[in-house]
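Reading through the structure tokens given below for one structure.
The values are calculated or read from the model by the stated rules, or taken from the named source; none is laboratory data. Note that the coordinates shown come from a computational prediction; the quantities given were computed from them, not determined experimentally. As a convention, Cβ positions derive from the backbone with ideal geometry for all residues, glycine included, and neighbour counts pool all protein chains shown. Just the protein is used for accessible areas: all its heavy atoms, side chains included, with ligands, DNA and RNA removed. Shrake-Rupley method; radii C 1.70, N 1.55, O 1.52, S 1.80 Å.
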Amino acid sequence: MSTLTLKLTSTAKTFSANKNEVFLITNGDLRESANQTCWAIQEKFEDKLSKVLKERFDYSIKRIHDYNPAKKHGFISSQREGCDVLSRVDPHAPLIILITVWQYSHHLVPALARHKGPVLVLANFDGTWPGLVGALCLEGSLTSINIKYSRLWSQNFDDDFFYNGLDTWLKTGKIIHDTSYLKAVKMGDKITQTPSAQIGKDVGNYILENKEIIGLFDTFCMGMINGIFPQRSLIEIGMPLEGLSQSALVYEMSLVPQALREECLNWYIERGMTFKFGADEATELTRNQVLEQCAMMIAMARFVKRFGLSSVGVQYQQGLKDICAASDFAEGAIGSTMRFPIPDENGEIIAAGKPIPCINEVDMGTAIPQTMLYRLLDSLGLPSETTLHDIRWGSEYKGTFYWDFEISGAVPFEHIKGGIKGAIGNRQPSMFFPKGGSTLSGQGKAGSFIWARAHYEGTDVIMHIGTGEAFELDQAEHQRRLDATCDVWPLMNCILHGVTRDDLMAGHQSNHISIAYVPKENLQDVLEAFVAQALTQNMQVMLAGQA
């Protein structure tokens with residue numbers, strides 16, 4: 001009998017923290033063009049953090065992965081790289097993850113599962129360089145996998161909130177924020193005993209019995225581990241997944257005749273949407289790009305009918321961006337009631353007079369509330385268009401803090417001031433989308449809304465639910481906020497009832513938030529119904545703020 005010989009490459013723990021020393025890692029994008037563009041802001045905040053630690057706390061900071069001159073940045077930019085870096089680190093060492101830009105959480109989360117030392121996710125609160133967006137995604141992903149961490153955020157790393165939080169973490173290894181704005185609700189509580197709550201229970205039981213099938217073209221996007229729910233979780237709430245391939249979507253797009261594509265685009269132009277067309281395919285929006293997006297919308301709708309789907313979503317970036325125009329216009333338009341009449345292969349119009357909820361970035365944590373709200377609102381005869389937004393930024397204006405919610409270019413026309421006539425088609429930035437494509441942009445309309453976000457812990461689904469109000473700020477202020485974030489995307493300026501900036505940053509489990517406008521006179525009734533609906537569908541519910 002031969003003797004087996006095991007040969008494995010050993011990994012030495014080359015990084016062990018000295019007294020008054022913390023390690024620094026930073027995570028970035030999968031797209032090197034974004035990492036290179038964003039590297040300067042990361043360097044700026046690393047320098048700030050290093051000075052604060054040294055001058056105020058007598059701590060030194062050690063970066064445990066180097067700047068890569070070939071790549072022209074020092075971000076971790078793949079899961080393999082993240083695993084390799086963290087495999088060399090003493091698992092008990094204190095670790096700061098400095099997030100200044102969008103990042104792909106899966107680069108770090110699997111490798112952090114075995115880390116025992118204190119972890120601090122630190123973000124810059126900035127609109128142009130949205131570390132806060134990346135941090136919220138990373139934090140939600142860590143929560144979903146049950147990895148312990150602390151969170152901290154600051155605009156310039158020079159305020160008392162930042163100093164006090166950093167001091168606490170250095171001394172104790174954790175920061176405990178006040179998240180009392182979230183209150184658990186259980187079946188039997190007063191809010192679940194109203195006539196409106198009974199409506200929600202009826203809708204919830206309808207979904208458990210009949211199912212709302214969520215159709216997603218591929219199910220992992222932009223590193224969002226918090227956006228991929230266990231199958232058991234979806235089945236338990238009556239919302240199973242139909243997994244679809246984006247290769248099938250591209251093939252279905254190829255079957256859409258040119259004449260139908262032209263008819264679709266002209267339909268929107270005739271109703272007043274403004275497309276900012278140019279001639280250069282590499283840098284400007286062209287008619288051909290939008291025609292391709294029309295084919296995508298038509299193909300998506302045909303899948304909805306073919307598979308009996310309640311909602312549909314596209315992975316959006318990786319997998320599509322290199323072969324066709326971005327999905328934004330298709331996603332916003334399909335999610336609108338005011339929509340080009342899409343025929344199936346036999347000429348029958350699909351979902352006539354109703355929106356098809358569209359799940360941007362195939363995020364199951366927003367697919368759940370968007371699909372639920374659509375069913376509830378449609379059953380009540382109320383406007384039922386839904387969307388998700390990035391929690392992109394926010395600042396004070398005339399003494400009030402307004403959030404700036406933006407999604408990358410896909411909102412329903414009904415959420416825009418002026419509807420189709422107020423909608424603007426900009427080219428998606430070439431840094432992210434080499435094949436271009438139109439956004440569906442505009443100023444978010446004024447009005448009251450319900451918001452929600454689902455996340456999972458183990459296989460339990462937890463739903464945060466609240467209310468808010470959107471405002472049409474004056475044009476100069478609105479433009480300031482666009483310029484400070486992304487001026488080609490739709491922007492919603494709003495407040496959340498009873499939820500401050502720091503409340504949301506302390507307790508929210510995602511970079512995303514789901515929105516449905518509800519007439520003010522119906523808001524409380526819809527809230528009660530939605531809470532009861534979620535509880536009926538076997539979810540844990542946390543009511544936010546003054547909702």
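Using a 1.4 angstrom probe, figure out how much accessible area the chain has per residue, in square angstrom, rounded to the nearest whole. Spell out each step's value before the answer.
Values: 20980 Å² over 547 residues.
Accessible surface, normalised per residue, equals 38 Å².
Would you list, by chain and number, the lysines whose Cα falls below 18 Å from the Cα of K435, excluding same-chain residues fewer than 8 positions away?
K276, K321
If you scale each eigenvalue of the Cα gyration tensor by 5 and take the root, what three semi-axes come out for the chain, rounded to whole angstrom and sorted largest first?
Ellipsoid semi-axes (Å, largest first): 37, 27, 25.
For W403, W102, give me the order by solvent-accessible area with a 1.4 Å probe, most accessible first, ignoring ligands, DNA and RNA. It would help to have the intermediate numbers written out before the result.
On the way: W403 5, W102 40 Å².
Per-residue accessible area, sorted high to low, gives W102, W403.
Taking the highest mean first, how do the peptides 467-480, 501-514, 281-294 order by number of other beta carbon atoms within 10 angstrom per residue?
Descending mean neighbour count gives 501-514, 281-294, 467-480.
Just how large is the dipole of the stretch 406-487 about the Cα centre, in debye to the nearest 20, putting +1 at every Lys and Arg Cβ and -1 at every Asp and Glu Cβ?
360 debye
So what's the gap between the Cα centers of the stretch 456-525 and the stretch 1-17, to the nearest angstrom?
If we compute the Cα centre of each part, the gap is 50 Å.
If you place +1 on the Cβ of every Lys and Arg and -1 on the Cβ of every Asp and Glu, how big does the dipole about the Cα centre of the stretch 459-547 come out, in debye to the nearest 20?
Taking the Cα centre of the stretch 459-547 as origin, the dipole is about 160 debye.
In terms of solvent-accessible area of protein heavy atoms at a 1.4 angstrom probe, what is the ranking of T400, T439, T172, highest value first?
From most accessible down to least: T172, T400, T439.
Explain nothing, just the number: dipole magnitude of the chain about its Cα centre with +1 on each Lys and Arg Cβ and -1 on each Asp and Glu Cβ, in debye rounded to the nearest 20. Mind showing how you got there, number by number?
On the way: 50 positive and 62 negative charges, 248 e Å.
Here the chain has a charge dipole of around 1200 debye.
If you take every residue apart from C494 with its C-beta less than 10 Å away from the C-beta of C494, what net charge results, scoring Lys and Arg +1 and Asp and Glu -1?
With Lys, Arg at +1 and Asp, Glu at -1, the neighbours total -2.
No other cysteine beta carbon under 4.7 Å away is the test; run it over the chain and list who passes.
Singleton cysteines: C38, C83, C137, C221, C324, C358, C486, C494.
What number, rounded to the nearest 500 deg cm²/dmol, is the helix-based mean residue ellipticity at 222 nm of the chain, given -39500 (n - 2.57) per DSSP H run of at least four residues and division by all its residues?
Here the helix-only value at 222 nm equals -10500 deg cm²/dmol.
In the neighborhood of M222, defined by Cβ-to-Cβ distances under 13 Å, what is the net charge if each Lys or Arg adds +1 and each Asp or Glu adds -1?
-3
At 1.4 Å probe size, with the rest of the protein present, what percent of the exposed accessible area of the chain is carbon and sulfur atoms?
51 percent
Going Cα to Cα from K62, which lysines come in below 17 Å? Please leave out same-chain ones fewer than 8 positions away.
K13, K19, K44, K48, K51, K54
May I ask you to list the lysines whose Cα is less than 23 Å away from that of K305, ignoring any residue fewer than eight positions away on the same chain?
K211, K354
Could you tell me the center-to-center distance, by alpha carbons, between the stretch 376-446 and the stretch 66-114 in angstrom?
The distance from the Cα centre of the stretch 376-446 to that of the stretch 66-114 comes to 32 Å.
Using a 10 Å cut-off on Cβ atoms, rank the peptides 516-526, 483-493 from the highest mean neighbour count down. Please list the in-between numbers first.
Numbers: 516-526: 18.4, 483-493: 20.8.
With the highest mean Cβ count within 10 Å placed first, the list reads 483-493, 516-526.
Relative contact order of the chain, please, whole-number percent, based on alpha carbon pairs below 8 angstrom and at least 6 residues apart.
Reported as a whole number, the value is 16 percent.
On the Cα set of the stretch 336-482, report Rg and Dmax in Å, please.
Answer for the stretch 336-482, Rg first and Dmax second: 16.8, 57 Å.
Of M187, S154, A123, which is farthest towards the positive pole of the stretch 107-188's charge dipole, taken about the Cα centre with +1 and -1 on the beta-carbons of Lys, Arg and Asp, Glu respectively?
Of the options given, the answer is M187.
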